[in-house]
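Encoded as C-alpha cells, the structure appears first; notes follow it.
The values are calculated or read from the model by the stated rules, or taken from the named source; none is laboratory data. Here the structure is a predicted model, which is why all the values come from computation and not from measurement. All Cβ positions, glycine included, derive from the backbone under ideal geometry; neighbour counts span all protein chains shown. Calculation scope for accessible area: heavy atoms of the full protein, side chains included, ligands and nucleic acids excluded. Shrake-Rupley method; radii C 1.70, N 1.55, O 1.52, S 1.80 Å.
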Amino acid sequence: MKDILSEIIANKRFEVDLQKQAISIEQLQEGISEVPTSRSMKQALASSASGIIAEFKRRSPSKGWIKEEACPEEIVPSYAVAGASALSILTDEKFFGGSLKDIRTARPLVEIPILRKDFIIDEYQLYQAKIVGADAVLLIAAALEPEKCNELAEKAHELGLEVLLEIHSSEELIYIDKKIDMVGINNRNLGTFFTDVENSFRLAGQLPQDAVLVSESGISDPEIVNRLRAAGFRGFLIGETFMKTQQPGETLQNFLQAIQ
C-alpha cells in the first residue's frame, strides 16, 4: 500500500519552497510584531468540561471531499457557539482542501484557541501560523526527526505558539519533552489512514501523568469521549463526524448534550 504520509511530506516541501520564493521569511518576521497575544489551548482543554476540539476540514486523502463548499465564516462561529473548547483548522490545500486564509477568516469571529493543523516541517510555517492568528501548531512525530521536532517546538514557543505533538506508537514517546504543551494520540495510521480508537487507550498509560492528552481521529460516539476522559484524556479532536452533516455546529451541540 502507498505510504500517504510520505507523499504528503514530499508535496509539502515543494509547497514551502514555492511560498518562500513568493514571500521571504524576513517579510514574515517583520509582520509578527503586529500580531496580538495568543490564547492558551492547553489551558482551555485543561479547564474545559468537554474538551472538544472541533475541526474545520473540507476533505481528506481517505474519504475525498466531505464538504467542498464549507465556509469558515459560517461553520467556525457555530462551533464556538455550540460549546467547542478549541478549534482545529486544516490548512493543507492539496490533500485536505484548506488554506491559511481559513484561519485568517475565522480568527476575528471567535475567542477560543485555534490550532493550525498541517504537516509542519519548516519554521517558515510557524511564522505563517502566527501571522494568520493561530494559537497553537501541530507537530507530527511521524513526519519529523526528533531533533527537528525539538527545534520547531522551541521556535514555536519563541513565537508564542503552543505545541500539540502528535504520536501514533510507543516508539514515538521519545519525542515528548518539556517543550511539548499537549500530547495527541492519533488513532489514524498516517501511512495507511486506517483508524482504530483503541490506539488512544493502548498508549494512555505510557504517557506522562501531568501531560494534557488529546485523542485524535475516528471519534464519532459520545460514549467513547466519556471512556477516553476516564482514561485521562482532556482533549478530543473531532472533524468528520461534524463536517459531514448539514449543520456541523448543531451536530456538535447535540454531541455535547449526549456527553453530559
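May I ask you to verify whether GLU55 is surrounded by 20 or more Cβ atoms within 10 Å (Cβ to Cβ), among the acidic types (Asp, Glu) and out of contact with any Cys (no Cβ under 8 Å at 6 or more places or on another chain)? Here the answer is yes, as GLU55 does meet what is asked.
The sole residue among LEU115, LEU126 that is hydrophobic (A, V, I, L, M, F, W, C), assigned to a strand (DSSP E or B) and surrounded by 24 or more Cβ atoms within 10 Å (Cβ to Cβ) is LEU115.
For the range 68-84, the criterion of a residue being modelled with pLDDT under 95, part of a loop (DSSP other than H, G, I, E, B), under 26 Å from SER6 (Cα atoms) and of a type outside the set (Lys, Arg) is satisfied by at least one position. Report whether or not GLY98 is of a type outside the set (Ser, Thr, Tyr), on the phi > 0 side of the Ramachandran plot and either over 11 Å from the mean Cα position of the chain (by Cα) or open to solvent by 20 Å² or more (accessible area, probe 1.4 Å) (or both). Judged against the criteria, GLY98 is not a match. Screening the candidates ILE53, ILE32, ILE89 for the property of being among the aliphatic types (A, V, I, L, M), in a helix (DSSP H, G or I), closer than 21 Å to ALA129 by Cα and in contact (Cβ under 8 Å) with a residue 24 or more places away in the chain yields one hit, ILE32. If you go through the range 230-255 and keep only what is open to solvent by 10 Å² or more (accessible area, probe 1.4 Å) and not in a loop (DSSP other than H, G, I, E, B), you end up with ALA230, ARG234, GLU240, THR241, GLU250, THR251, GLN253, ASN254, PHE255. Criterion applied to SER62, SER38 was being in a loop (DSSP other than H, G, I, E, B) and either within 17 Å of the chain's Cα centre (by Cα) or at pLDDT 90 or above (or both), and the one residue passing it is SER38.
Inside the range 177-194, residues that are open to solvent by 40 Å² or more (accessible area, probe 1.4 Å), closer than 27 Å to GLY133 by Cα and not basic (Lys, Arg) make up a count of 1. Scanning the range 8-35 for residues that are of a type in the set (Lys, Arg) and under 21 Å from GLY97 (Cβ atoms), which turns out least open to solvent (accessible area, probe 1.4 Å)? Filtering the range 8-35 for residues that are of a type in the set (Lys, Arg) and under 21 Å from GLY97 (Cβ atoms), the one least open to solvent (accessible area, probe 1.4 Å) comes out as LYS12. Put simply, of ARG59, ARG39 the only residue that is touching a residue at least 24 places away in the same chain (Cβ under 8 Å), closer than 25 Å to LYS155 by Cα and basic (Lys, Arg) is ARG39. A Cβ distance below 7 Å, combined with a sequence gap of six or more or placement on separate chains, defines the contacts here; from the range 213-231, residues that are more than 15 Å from PHE255 (Cβ to Cβ) reach residues that are acidic (Asp, Glu) in the pairs GLU216/GLU166.
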